[in-house]
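For reference, the structure is listed below as structure tokens.
Only the coordinates and a few stated rules stand behind these numbers; no lab work does. This one's a predicted model, so the numbers in the text were calculated from it and none came from an experiment. Counting neighbours? That spans all protein chains shown, and the Cβs are built from the backbone with ideal geometry, glycine included.
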Amino acid sequence: MTTAPVTALPHPEDQELIDRIIGDQAGRPGALLGILEKLQEHNRHKYLPMETLEYVAARTGVPQSQVYGVATFYALFNLDPQGTHTIAICRGTACHTRGSRALLERVKLQLGLQETSDGADKVSLTTPDHRFTIRTVACFGQCALAPVVEVDHAIRGHVKEQALIREIEQLRKESAR
Ligand code: FES
């Protein structure tokens, strides 16, 4: 099978890691998903760089378009560097009705990401120091707890603006130590 040429190679140490992960997952059902998941887990900024995707395609023989398609289809994959802390704010209908837009705007303001807003509802923004990523989610499936926010993978329900601001401030202080 022919695949598109690799435009840039990952660092040799990363190539070793990728080869090892591909070897571990070989022959398993959903191997490509598993490979990408492990690679993102191991990436310092929790994302899949383009050269990694190209390298995976070259080593597995899966077309680049298919590797890229999987990486962009699943919300769990990131194509840009992520912050150490992630604040995911639900923008589903129940959460919207209960004030999630105001929460989103307030957190953006707190983290100095206000200017980068283009008014779009789908947001994924990372602070320049890579300490925080704010992103929006379509629905956490916890609508009875609206508004719902996930802070570093922990779900918070009935979120109040001031409590959220305090929690983020606390994380900011801790990560500055
Ligand atoms: S709409 Fe927010 S959890 Fe469902």
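Annotation: amide H of His85 within the under-5 Å range of Phe132, Thr133, sequence separation 5 or more or interchain, hydrogens built in the peptide plane.
Backbone geometry of segment 123-134 corresponds, through the Karplus equation with coefficients 6.51, -1.76 and 1.60 at θ = phi - 60°, to 3J(HN,Hα) couplings of 10, 8, 10, 10, 5, x, 8, 6, 8, 9, 10, 10 Hz, x marking Gly and Pro. For the chain, dividing the convex hull volume of the Cα atoms by the residue count gives 142 Å³ per residue. Applying a 4.7 Å Cβ-Cβ cutoff to the chain leaves Cys139, Cys143 as cysteine residues with no disulfide-compatible partner. Candidate cross-link partners of Lys173 among the aspartates and glutamates, defined by an alpha-carbon separation under 16 Å and a same-chain spacing of 8 or more, comprise Asp129, Asp152. Distances between placed amide hydrogens fall under 5 Å for Leu111 paired with no residue 5 or more residues away or on another chain. Comparing Ala102, Ala146, Ala57 in a Gaussian network model of the chain, where Cα atoms under 10 Å apart are tied by springs, the biggest mean-square fluctuation is seen for Ala102. When Ile18, Ile89 are arranged by Cβ crowding within 10 Å, least crowded first, meaning fewest neighbours, the order is Ile18, Ile89. Straight-line cross-link partners of Lys122 among the lysines, defined as a Cα under 25 Å from its Cα and at least 8 positions apart when in the same chain: Lys46, Lys108, Lys160. Put in order of Cβ neighbour count within 10 Å, fewest first, the listed residues Phe140, Phe132 become Phe140, Phe132. Counting Cα-Cα pairs of segment 8-60 in 5 Å increments starting at 0 gives whole-percent bin shares of 4, 23, 36, 26, 9, 2.
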